[in-house]
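S.K.: So that we are looking at the same thing, I have put the structure below in structure tokens.
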Amino acid sequence: MLNIVIFGPPGSGKGTQSEKIIEKYGFAHISTGDILRNEIKAETDLGKKAKSFIDKGELVPDETIIDMLEKKLESLENVDGVIFDGFPRTVEQAKALKKMLQKRGEDVNVMLNLEVKRQELIDRLLKRGQVSGRSDDNLETIEKRINVYGEQTAPVIDFYKEEGTYRPITGEGEIDDIFGRICEAIDSVK
Ligand code: AMP
């Protein structure tokens with residue numbers, strides 16, 4: 001099974017590119033942000049807890065996320081590959097993912113890092129905010145999320161560099177051109 005981490009700051013196109021990957025390769029998609037938003041909608045205890053962090057642009061605590069991810073992973077059956085979107089977001093989460101996959105005799109095959117400049121991220125997220133209805137797509141929270149990314153999430157890059165699975169991808173330009181670069185990286189590890 002192929003395990004792909006799609007990585008990058010908020011607004012780098014992880015969700016958009018994940019959809020295209022699923023369409024082409026038929027892999028399963030695990031988006032921790034989507035799972036959390038569904039929990040919030042369903043007003044579960046997890047959703048209530050997560051909402052306070054999400055609305056402030058902060059990360060939901062590792063323990064909660066790792067637990068949630070493990071359950072989701074266990075629920076998948078008969079899949080050729082998995083795309084991890086928005087996870088891992090801390091080095092702690094990256095280590096936990098490695099352990100979970102190791103138990104199944106697997107590992108992350110490739111980590112795709114979508115590289116996009118800060119101002120482009122802000123512009124994209126403000127534009128998305130006009131239609132997404134997401135409570136965290138406003139200027140103050142967007143800036144906070146990008147800062148949190150730099151402080152807590154960017155160190156994950158070094159983790160995968162050491163693992164030897166890191167692949168930087170230019171995340172600017174036409175969506176299909178970005179997707180072409182992603183496909184090259186996926187096909188090289190298939
Ligand atoms: P996303 O949809 O990936 O942009 O995630 C939206 C928000 O959900 C983030 O700003 C975090 O508050 C929370 N979140 C999603 N994934 C994670 C994660 N792996 N670790 C911690 N918080 C997360």
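The values are calculated or read from the model by the stated rules, or taken from the named source; none is laboratory data. These figures come from a predicted structure and were not determined experimentally. Positions of Cβ are backbone-derived with ideal geometry, glycine not excepted, and every protein chain shown enters the neighbour counts.
S.K.: Within the stretch 135-151, can you find the residues that are in contact with a helix residue (DSSP H, G or I) (Cβ under 9 Å, 6 or more places away or on another chain), of a type in the set (S, T, N, Q) and not in a loop (DSSP other than H, G, I, E, B)?
M.R.: Thr141
S.K.: For the stretch 39-84, give me each residue that is aliphatic (A, V, I, L, M) and not in a helix (DSSP H, G or I). Before you say what the answer is, go through the steps one by one.
M.R.: Narrowing the stretch 39-84 to residues aliphatic (A, V, I, L, M): 40, 42, 46, 50, 54, 59-60, 65-66, 68-69, 73, 76, 79, 82-83.
If the condition is that a residue be aliphatic (A, V, I, L, M) and not in a helix (DSSP H, G or I), then Ala42, Leu59, Val60, Leu76, Val79, Val82, Ile83 are the ones that fit.
S.K.: Please state which one of Ile30, Ile21, Ile66 is under 15 Å from Leu97 (Cβ atoms), in contact with a Phe, Trp or Tyr (Cβ under 7 Å, 6 or more places away or on another chain) and at pLDDT 95 or above. Full working, then the answer.
M.R.: Numbers: Ile21 fails: under 15 Å from Leu97 (Cβ atoms); Ile66 fails: in contact with a Phe, Trp or Tyr (Cβ under 7 Å, 6 or more places away or on another chain).
From the options Ile30, Ile21, Ile66, the qualifying one is Ile30.
S.K.: Quick one: in the stretch 67-100, which of the residues that are more than 23 Å from Lys190 (Cα to Cα) and either crowded, with 19+ Cβ neighbours inside 10 Å or of a type in the set (A, V, I, L, M, F, W, C) (or both) is nearest to the ligand (Cβ to nearest atom)?
M.R.: Arg89
S.K.: If you check Ile35, Ile40, Ile21, which single one turns out to be near the ligand (Cβ under 10 Å from one of its atoms) and over 12 Å from the mean Cα position of the chain (by Cα)? Give the derivation first.
M.R.: On the way: Ile35 fails: over 12 Å from the mean Cα position of the chain (by Cα); Ile21 fails: near the ligand (Cβ under 10 Å from one of its atoms).
Sole residue among the options that is near the ligand (Cβ under 10 Å from one of its atoms) and over 12 Å from the mean Cα position of the chain (by Cα): Ile40.
S.K.: Okay, moving on. Which pairs do you get when a residue that is β-branched (Val, Ile, Thr), found in the stretch 8-26, comes within reach of a residue that is assigned to a loop (DSSP other than H, G, I, E, B) and more than 16 Å from the ligand (Cβ to nearest atom), reach meaning Cβ atoms under 8 angstrom, with the pair 6+ apart or on two chains?
M.R.: Ile21/Phe27
S.K.: Mind telling me which of the residues Gly150, Gly129 ends up being within 19 Å of the chain's Cα centre (by Cα), among the small types (Gly, Ala, Ser), more than 17 Å from Gly33 (Cβ to Cβ) and within 14 Å of the ligand (Cβ to nearest atom)? Step through it out loud before you land on a result.
M.R.: Values: Gly129 fails: more than 17 Å from Gly33 (Cβ to Cβ).
When all the criteria are applied, what remains is Gly150.
S.K.: Ok, one more. Residue by residue through the stretch 124-136, note down the ones that are surrounded by 14 or more Cβ atoms within 10 Å (Cβ to Cβ) and over 11 Å from Asp55 (Cβ atoms).
M.R.: Arg124, Leu125, Leu126, Arg128, Gly129
S.K.: Still on this model: Does the stretch 103-112 contain at least one residue that is away from the ligand (no atom under 16 Å from the Cβ), crowded, with 16+ Cβ neighbours inside 10 Å and touching a residue at least 60 places away in the same chain (Cβ under 8 Å)?
M.R.: Going through the stretch 103-112, the residues away from the ligand (no atom under 16 Å from the Cβ) turn out to be 103-107, 109-110.
The next check asks that each one be crowded, with 16+ Cβ neighbours inside 10 Å; those that pass are 109-110.
Subsequent filtering for residues that are touching a residue at least 60 places away in the same chain (Cβ under 8 Å) retains 109-110.
Scanning the stretch 103-112 turns up at least one residue that is away from the ligand (no atom under 16 Å from the Cβ), crowded, with 16+ Cβ neighbours inside 10 Å and touching a residue at least 60 places away in the same chain (Cβ under 8 Å).
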